[in-house]
Structure formats: structure tokens, C-alpha cells
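Reading through the C-alpha cells given below for one structure.
The values are calculated or read from the model by the stated rules, or taken from the named source; none is laboratory data. Remember, it's a predicted structure, so these values are computed and weren't measured experimentally. A quick note on method: Cβ atoms are made from the backbone with ideal geometry, for glycine too, and the neighbour counts reach across all protein chains shown. Remember, those area values only see protein heavy atoms, side chains included, never the ligands or the DNA or RNA. Shrake-Rupley method; radii C 1.70, N 1.55, O 1.52, S 1.80 Å.
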Amino acid sequence: MTNDQWQAVDGYISDLLVPQDEALTEALAASDAAGLPAISVAPNQGKLLHLLARTQGARTALEIGTLGGYSTIWLARALPADGRLISLEYDPAHADVARANIARAGLDKVAEVRTGAALDTLPRIAAEPGAGPFDLVFIDADKRNNPRYVEWALRLTSPGSLIIVDNVVRGGAVVDGSSEDPSIVGTREMFELVAREPRLDATAVQTVGVKGYDGLLVARVIA
Ligand SMILES: C[S@@+](CC[C@H](N)C(=O)[O-])C[C@H]1O[C@@H](n2cnc3c(N)ncnc32)[C@H](O)[C@@H]1O
Ligand SMILES: [Mg+2]
């Protein structure tokens, strides 16, 4: 199967099942116009996140890696009106675009973007009364820190919560144990951590589509 076919099939799926609305289309257009890289989740993946959050009955969510807020909008829309989503973004320019996109989507009462390196922001969130536990954590930032993000996600969740990690296959490079690429090293360490962590029950699936060949890890906090 070729990349052209992956894209055609993604188009077929999204045309039928993931009708794009103005807020989502404009979020992508504004991100593009601001020069952000086109590395958000695909529409059908955004919908998957949304459905997982809905199925989970999530009221609270934490996202690590906001970019222009595309996945943030999908997730925030799954939460109730009095729900809460905190999204962490290192780059202030990305965070500004995301805040505008979130406001345009009418979700600024539910979702907030916090600027800074996530490893600095996470301890502050942990110290805030009432900030957690989160029903769902979506990890999609700098992949080298994925093991640390999963550790934080474990601290900030409770049994029944979901932890989702994006881009865990990396074109198949995840199986290369000799790789010195920090993203691969971080992803492999994250897999090993999840595998030996008795509080997590997890799987991962490979995905192809408009964003190429990659994958998604889904873990349920069980204790
Ligand atoms: C793949 S993009 C996020 C895409 C977004 N989740 C979506 O699907 O629409 C990764 C984002 O993580 C941010 N990032 C990178 N390192 C970070 C860090 N240490 N802390 C927080 N955010 C970081 C990048 O600036 C970028 O905007
Ligand atoms: Mg991603």
C-alpha cells in the first residue's frame, strides 16, 4: 500500500465520518498562516481522541504539546461545559495561535493553554489544589521526554484514567534499538516504562494516513 492510498483512504474516512466544521478548519488555516508546522493529529485521529474522551466520560483532561490547539479542540469538545482541559506548550507563538483558535471554537471557558517547558509546568500543576486527577492525558510534545511525561501522567491521574501517547512508531524506527535519535530513544524508554509499570494496562497500534506511518499508545491506569 502506498502513501497515496493512505491519503485517499483517510480522505474517504474523514469525508464520511469526520465532517469538518468551521472552528476546526479555521484552527488549521490559522496555524498554517502563522507558520506552525503541519504536525497536528489528522482529522480522523482527532475524532478518535474525542470519542475516547467521551467513552471515558472524561470531565478533565491534560494535554502535553498544544501546537495550534487542533487536538485541544477535539478533546475539549468531549468534556462537559463545566469540564477542564489544561494544555501545555513550550513555544509562546504556538500558544498564542492556540488560544485564539480555542476562543474561536468557543472553548476558552473549558480549555486553557499554559506556556513553558512541560517538565517545568507539570510540577506546578501537581501543586495546585484541585488541578487533578485528570481523566485523560494526551502526550504529544517533544518525544525525548516521553518517559518523564508518562511518569507525570501517572502522578496526575487515578485508576480508570486514560493515558494516550502520540507518534510512538515513528515510521517504524521504534524497533531500532541502536538508534541515537533522542525521539526514538525516548519513545523506546517510554514503551519499556509502560511495559514494566504495574499500574498501567496498555497497547499500541500502528497507523497510516495523511500524517504518514506512525502509531498511538493507549494505556489505562488500573491501580
Ligand atoms: C506535535 S505538536 C502538538 C500537536 C497537537 N497535539 C495537535 O495534534 O494538534 C508538539 C508541540 O509540542 C511543543 N513542545 C515541544 N517541546 C515541548 C516541551 N518541552 N514542553 C511543552 N511543549 C513542547 C511544540 O512546540 C509543539 O507545538
Ligand atoms: Mg502527534
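Name the most mobile residue of Lys47, Lys109, Lys143, meaning the one with the largest mean-square fluctuation, in a Gaussian network model of the chain with Cα contacts below 10 Å.
Greatest mean-square fluctuation among the candidates belongs to Lys109.
Nearest 5 is fine: what % of DSSP beta bridges in region 98-223 come out antiparallel, could you say? Working shown, then result.
Values: 15 of 20 bridges.
Of the beta bridges lying entirely in region 98-223, close to 75 percent run antiparallel.
Determine the order of Tyr149, Tyr12 by accessible area, beginning with the largest, at a probe radius of 1.4 Å.
Most to least solvent-accessible, the answer reads Tyr12, Tyr149.
Step through the residues of region 176-181 one at a time and calculate ³J(HN,Hα) from phi using the Karplus curve (6.51 cos²θ - 1.76 cosθ + 1.60, θ = phi - 60°), rounding each to whole Hz and writing x for Gly and Pro.
Running phi through 6.51 cos²θ - 1.76 cosθ + 1.60 with θ = phi - 60° gives 8, x, 9, 5, 9, 5 Hz.
For region 152-223, which trypsin sites (Lys or Arg not before Pro) are both in a DSSP coil and crowded by at most 15 other Cβ atoms within 10 Å?
Details: sites: Arg155, Arg170, Arg188, Arg196, Arg199, Lys211, Arg220; in loops: Arg199, Lys211.
Answer in residue order: Arg199.
Can you tell me the dipole magnitude for the chain around its Cα centre, using point charges on the Cβ only (Lys, Arg +1; Asp, Glu -1), in Debye to the nearest 20?
Numbers: 20 positive and 29 negative charges, 133 e Å.
With only Lys, Arg, Asp and Glu charged at Cβ, the dipole is about 640 debye.
Could you give the accessible area per residue of region 1-96, probe 1.4 Å, as a whole number in Å²?
On the way: 4620 Å² over 96 residues.
Per-residue value: 48 Å².
Which ³J(HN,Hα) values in Hz, rounded to whole numbers, follow from the phi angles of region 41-57 under the Karplus curve 6.51 cos²θ - 1.76 cosθ + 1.60, where θ = phi - 60° and Gly and Pro get x?
Couplings: 5, 6, x, 5, 6, x, 5, 4, 4, 4, 5, 5, 5, 5, 4, 5, x Hz.
Let me check I've understood the local charge: for Ala53, count other residues with C-beta under 10 angstrom from its C-beta, Lys and Arg +1, Asp and Glu -1. What total comes out? Mind showing how you got there, number by number?
On the way: positive: Arg54, Arg59, Arg77; negative: Asp135.
Taking every Cβ under 10 Å from that of Ala53, the sum is +2.
Charges at C-beta only: +1 for Lys and Arg, -1 for Asp and Glu. How large is the resulting dipole of region 1-122 about its Cα centre, in Debye rounded to 20?
Working: 9 positive and 15 negative charges, 99 e Å.
So the magnitude is around 480 debye.
Looking at the chain as a GNM with Cα springs under 10 Å, which of Arg54, Arg144, Arg124 has the largest mean-square fluctuation?
Arg124
Need one number for the chain: average projected area of the convex hull over its C-alpha atoms, nm².
On the way: hull surface 48.0 nm².
Here the figure is 12.0 nm², rounded to one decimal.
Report, in deg cm²/dmol and to the nearest 500, the calculated mean residue ellipticity at 222 nm for the chain, where each DSSP H run with n ≥ 4 adds -39500 (n - 2.57) and the sum is divided by the residue count.
On the way: 8 runs with 96 residues, N = 223.
Mean residue ellipticity, 222 nm, calculated: -13500 deg cm²/dmol.
Farthest toward the dipole's positive end in region 1-115, which of Leu88, Gln45, Thr2, given Cβ charges of +1 (Lys, Arg) and -1 (Asp, Glu) about the Cα centre?
The residue sitting farthest along the positive end of the dipole is Leu88.
At a threshold of 8 angstrom on Cα-Cα distance, excluding pairs fewer than six apart, so keeping six or more, what relative contact order does region 85-223 reach in percent? Kindly include the intermediate steps, with their values, before the conclusion.
Numbers: 219 pairs, mean separation 29.8, N = 139.
It comes to 21 percent, rounded to a whole number.
If Val150, Val210 are ordered by their accessible area, calculated over protein heavy atoms with a 1.4 Å probe, which sequence runs from highest to lowest?
Val210, Val150
Mind checking the dipole of region 50-116: about its Cα centre, +1 per Lys or Arg Cβ, -1 per Asp or Glu Cβ, Debye to the nearest 20?
Working: 8 positive and 7 negative charges, 57 e Å.
Dipole of region 50-116, to the nearest 20 debye: 280 debye.
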